[in-house]
Number of protein chains: 2
Amino acid sequence: MKAILVIADGMADRPVRELDWRTPLETARKPFLDQMAKTGVSGILDPISPGIPPGSDTATFALLGYDALRVYSGRGALEALGSGTEILPCDVAFRCNFATVDENLVVVDRRAGRISNEDATELAKNISRIQIEGALGFDFIFENTIQHRGVLCIRGSKLSALVSDSDPGRVGEKVLAVKSLDNKHESKRTAEIVNKLLLEFHKVLKDAPVNKKRIKRGLLPANMILCRGAGTIPKVRPLSQIYQIKAACVGATPLVKGVCKVAGMDLIEVKGATGTPQTDYVAKAKAVIRALESYDFILLHIKATDVASHDRNPKLKVEIIEKIDSALGYLMSKIDPDKSYLAVTADHTTSLATGNHEGDPVPIVITGPFVRRDGVEKFDERSCAKGGLNRIKGSDLMPILMNLLGRTTMFGA
Amino acid sequence: MKAILVIADGMADRPVRELDWRTPLETARKPFLDQMAKTGVSGILDPISPGIPPGSDTATFALLGYDALRVYSGRGALEALGSGTEILPCDVAFRCNFATVDENLVVVDRRAGRISNEDATELAKNISRIQIEGALGFDFIFENTIQHRGVLCIRGSKLSALVSDSDPGRVGEKVLAVKSLDNKHESKRTAEIVNKLLLEFHKVLKDAPVNKKRIKRGLLPANMILCRGAGTIPKVRPLSQIYQIKAACVGATPLVKGVCKVAGMDLIEVKGATGTPQTDYVAKAKAVIRALESYDFILLHIKATDVASHDRNPKLKVEIIEKIDSALGYLMSKIDPDKSYLAVTADHTTSLATGNHEGDPVPIVITGPFVRRDGVEKFDERSCAKGGLNRIKGSDLMPILMNLLGRTTMFGA
C-alpha cells in the first residue's frame, strides 16, 4: 500500500463577491476532484487550530503529523535548508533580501529593483569572500536563491534564534538593528554578530563592480542585505522512523522543501516545477508516479494557488485549480486503485478578499480501497464539511493515512 | 438518573468486499440499534485519537473518561487484576502462557497443546509451592486463568515494569532472557528476579506428575511459563470520587474487568458470560437490569464482535451484532425511558480485512430523556458520522453521560 498526499498551497478560500459569493473551489470545473469526493471520504481540517492562520511551514509540519506548536522554530532555517544550504543544528539562519538603501540606510527598494539571478549570484560571491575576525568566534554562509532572495546562516556555539529582524518591512524606513528578544546572553551575542556582519556586507556591496554597472544602466544597486525570520532546524523523529516508510516530496518551494527535509524526506527535483502559476503540473504528477516505484509516501506540493490568492486574482485561482484537477486526473489514471491511497487538501485558507492566510478550515478528501465512502459529491469547502471525516486537526491526517497503509502500531493491547 | 454504556469490542469496521463494501453494522438486521439512532443523538468517536489503533485496555480507560496516554502502564497488571489476582500498586505483573519447550528451551508449542483448566490448575499449585530464598527480598504469585493462560505477579520494593518479554512470540525460537528496557537498577533487578523464577518454574514443571501423565497420554507437557506485557496498576481517581456514583461492570474479559477495577467499579459475574461468540447475551442484559437497582452507571462489555473480526469472519460478525441487538431490545424494554440513558459504542474498529485493530473512528449513540435527538436513522459507522455529536474523543463520552446524569460540577462560576 502506498499513499500520495497532494497539498495545494492556500487553495481553500472564503466565498468572494467576484465569484458570486462562491469560493474558487466551488467555481472551478474540476471533474477529477469531484470524482475523488464521490468515491472517497471527505471532511474539513484545521491545519493548526480553528481560527489560527497557519504559515505554509507550520501547516506542512502539522500535515506531516508533527505538533507544529512544539517543533516550529522559525522560517529562516527551513527556507535555507530547502534551498540546498547545508544547515547544522547549531546554526541560526535568516531569510534575506537584496535591497537598495540610501546613504542613511533608509530602504529605497526592498527587492533591489527585482535584481536578476545573475547579478545576485555575483554579489553573493563578493559577500562570501568577507573575512571575519577571529575574535567573535563564528562563521557564516550567505547564499542567494531566486532573484532578490537569499539565506544567511550564522554558525558557531552559543547562538540563539530569538532575535528580531533587520528588515523594516517597508520602504522609507531605516534598516533596523537586530535585537535580542529574550535579553539572554546567546541572543544578545547573535544580534551583535548579525549587525556587524550586515554592515560589512553593506561596505562590500556598495563598491561592488556589479552595482556600479547597475547604476550606470539606470538600475537600483543591491547595496544592502535585509534579514528576517531567524530560525534553527527543529529536531524531530523522521517519518522513516515513526512509520517505517520511505517518503519523498515533489515541490519547488524552498520553505516546504525545508520542512520535508527536516522530516527526513527525500526531495525530488522536477524540471518545469517553478512554484509559480506557470509551473508544469503534469511534469510534477509524472514525477510522483515515477517516485511511487521506490517510495511509500509522496507529498506533492503545489504553490500556485497561494500566489493567485495573494495577488487577489479570482480568475487565475480558478484556472490554477482546473489545471491541478487535470494533473490529478493524470495521477488517478496511473495509480493502482487497490493499492494506493490518494489524499488532497490545502495547507491553509488564503483569502482572495484579504490577500492573507486565514484561519478557516480546509477541505480534505481521501480515496483508496478501505475508506468509508460518504455521500459527498463535490470537493470544496462547504461540501466537504458534510463528509464522513467531519472536522479533524492537521496533525491527525498522517496517522489516518499511515493507519490505512498498515504503518501504525497499536497503543495498548 | 442512571446510565448504561454498552461497549461492543471491535464492533466498528471498514467497508469489506465480502459484504458488498458495506460494514457488518451496515449489513446486520438490528431494529433496536436503529431505533436508538432514531430516538437518540449519534456521532463518531476516536477512542484515543484519529488513526491510532487502540487496545481494548487503553480504549476502555478512555471511554471511562481517563487520559489513557497518561495512565496506561501495560497490560499484564490489568489482566491479572481482572482475573481476580490481588495486585498491589507495588507489584509488577505479567501475562503468562503455559508452554512446551525442548531440552534447549526452544519453544515447541506456545499453548502447551491448549492445556485443560484442570491440568493448568494442578501445575499452578506445584509452582506456587516454590520457596524463594530470602536474599532477593521479593514474593511472587502465579495463577492460571483460562486454559493455557495465567498471570505472574512479582511483589516487593524497588521493582519496575520496564522489562522485556520472555515469550519469543513464535515456535522454533528459544525462550528469551527478560531484560531491562531503561537500563536502571529497578528494572535490571526485576529482570534478574523473573529470569531466576522462570528457570525454577521450569525445573518444577518438567518433573510434575501432571506432565508425566500428559506425556503418557500423548499430550505435550506444560513444562515452561512464558511471560509478556509487564505492567503495574495505574493509580487513578475512582469514578465514585470523580462523579459521586456507584459504578459496576458486566463483562467476562479479564483485561476489561481489570481496567474497570482500576476505575473502582464493582465487577458483576454472570453465569453464561464467556467472552466468546457463544456468550449468553440476554443473561448479561438481565444482569445489567438487576444491577440498575443498586448502581448509577453500568458498563456492559461484549467481547464477541472482536473475536469474529480477528477471525476475519464477516458472517459471524453480522450474526453477533444481531444477537447484541436482541439483548439491547431486552434492555430497552426493561429500563425506564424517563430516568435512564443508554449509550452504545465500540472500543475500536477491528477490520475484517486486516484482522487487526485499526484507527478509524467508531459510531456512538446516546438515548435518554434530554438528548438533542438528530435526524440519524441507523446505527452504523457512516450514518452516525452525520449525527449531532459530530466527532468526539473517547475521553469525552464519560463527562457527557455524567453531565446528563447531573453528576458533573461546573468549571467556573
Quickly run through the stretch B:18-29 and pick out the residues that are more than 9 Å from every other protein chain (Cβ to nearest Cβ) and either in contact (Cβ under 8 Å) with a residue 24 or more places away in the chain or on the phi > 0 side of the Ramachandran plot (or both).
-> B:Glu18, B:Leu19, B:Asp20, B:Pro24, B:Leu25, B:Glu26, B:Thr27, B:Ala28, B:Arg29
May I ask you to list the residues in the stretch B:148-180 that are in a loop (DSSP other than H, G, I, E, B) and either touching a helix residue (DSSP H, G or I) at 6+ places or on another chain (Cβ under 6 Å) or surrounded by 21 or more Cβ atoms within 10 Å (Cβ to Cβ) (or both)?
-> B:His148, B:Lys158, B:Leu159, B:Ser160, B:Ala161, B:Leu162, B:Ser166, B:Asp167, B:Val175, B:Ala177, B:Val178, B:Lys179
Out of all the residues in the stretch B:366-384, which are within 11 Å of chain A (Cβ to nearest Cβ) and of a type in the set (Asp, Glu)?
-> B:Asp380, B:Glu381
Filtered residue count, the stretch A:231-255, keeping only those that are among the aliphatic types (A, V, I, L, M), within 16 Å of A:Phe297 (Cβ to Cβ) and either over 14 Å from the mean Cα position of the chain (by Cα) or assigned by TED's automatic domain parsing to the domain that holds A:Asp165 (or both) | 6
For B:Thr350, indicate whether it is under 23 Å from B:Asp46 (Cβ atoms), without any contact (Cβ under 8 Å) to a residue 12 or more places away in the chain and within 13 Å of chain A (Cβ to nearest Cβ).
-> no
Taking only the stretch B:220-235 into account, find how many residues are part of a loop (DSSP other than H, G, I, E, B) and at pLDDT 95 or above.
-> 4
If you go through the stretch B:79-114 one residue at a time, how many are among the basic types (Lys, Arg) and over 27 Å from B:Arg217 (Cβ atoms)?
-> 1
Quick check: anything in the stretch A:268-278 modelled with pLDDT of 95 or more, out of contact with any strand residue (DSSP E or B) (no Cβ under 8 Å at 6 or more places or on another chain), small (Gly, Ala, Ser) and more than 30 Å from B:Asp380 (Cβ to Cβ)?
-> no
B:His202 versus (1) surrounded by 15 or more Cβ atoms within 10 Å (Cβ to Cβ); (2) touching an Asp or Glu at 6+ places or on another chain (Cβ under 9 Å); (3) of a type outside the set (S, T, N, Q); (4) part of a helix (DSSP H, G or I): which is the lone unmet condition?
-> (2)
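Give me the residue from the stretch B:33-81 that is among the acidic types (Asp, Glu) and surrounded by fewer than 23 Cβ atoms within 10 Å (Cβ to Cβ) and, out of that set, nearest to the other protein chains (Cβ to nearest Cβ).
Checked the stretch B:33-81; the qualifying residue nearest to the other protein chains (Cβ to nearest Cβ) is B:Asp67.
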Has the stretch A:352-366 got at least one residue that is over 19 Å from the mean Cα position of the chain (by Cα), closer than 23 Å to B:Glu26 by Cα and not small (Gly, Ala, Ser)?
-> yes
Segments classed as helices (runs of 4 or more DSSP H), wholly inside the stretch B:1-102, with at least 3 members that are among the hydrophobic types (A, V, I, L, M, F, W, C) and closer than 29 Å to B:Pro399 by Cβ | B:31-39, B:56-63, B:68-71, B:75-82
Among B:Ile115, B:Ile141, B:Ile130, which is the only one that is surrounded by fewer than 15 Cβ atoms within 10 Å (Cβ to Cβ) and in contact (Cβ under 8 Å) with a residue 12 or more places away in the chain?
-> B:Ile130
Here is a list of conditions, (1) without any contact (Cβ under 8 Å) to a residue 24 or more places away in the chain; (2) within 17 Å of B:Leu5 (Cβ to Cβ), and B:Cys384 meets all of them except one; can you say which number that is?
-> (1)
Where in the stretch A:256-371 are there strands (runs of 3 or more DSSP E), lying wholly inside it, with at least 3 residues that are among the β-branched types (Val, Ile, Thr) and either surrounded by 24 or more Cβ atoms within 10 Å (Cβ to Cβ) or not assigned by TED's automatic domain parsing to the domain that holds A:Val41 (or both)?
-> A:362-367
Inspect all residues belonging to the stretch A:385-402 and state whether any of them is surrounded by fewer than 19 Cβ atoms within 10 Å (Cβ to Cβ) and more than 14 Å from chain B (Cβ to nearest Cβ).
-> no
Might you check whether a residue that is modelled with pLDDT of 95 or more, within 11 Å of another protein chain (Cβ to nearest Cβ) and under 26 Å from the mean Cα position of the chain (by Cα) occurs anywhere in the stretch A:307-315?
-> no
Looking only at the stretch A:103-132, count how many residues are within 26 Å of A:Glu173 (Cβ to Cβ) and either in a helix (DSSP H, G or I) or among the charged types (D, E, K, R) (or both).
-> 11
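One line per residue, one yes/no per condition, for (1) over 25 Å from the mean Cα position of the chain (by Cα); (2) more than 26 Å from A:Gly229 (Cβ to Cβ):
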| position | (1), (2) |
| --- | --- |
| A:Met1 | yes, yes |
| A:Ile4 | no, yes |
| A:Asp13 | no, no |
| A:Thr27 | yes, yes |
| A:Lys38 | yes, yes |
| A:Ile44 | no, yes |
| A:Pro47 | no, no |
| A:Ile52 | no, no |
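The values are calculated or read from the model by the stated rules, or taken from the named source; none is laboratory data. The shown structure was predicted, so the numbers you read here are calculated from the model rather than taken from an experiment. Note that we place each Cβ from the backbone using ideal geometry, even for glycine, and neighbour counts take in every protein chain shown.
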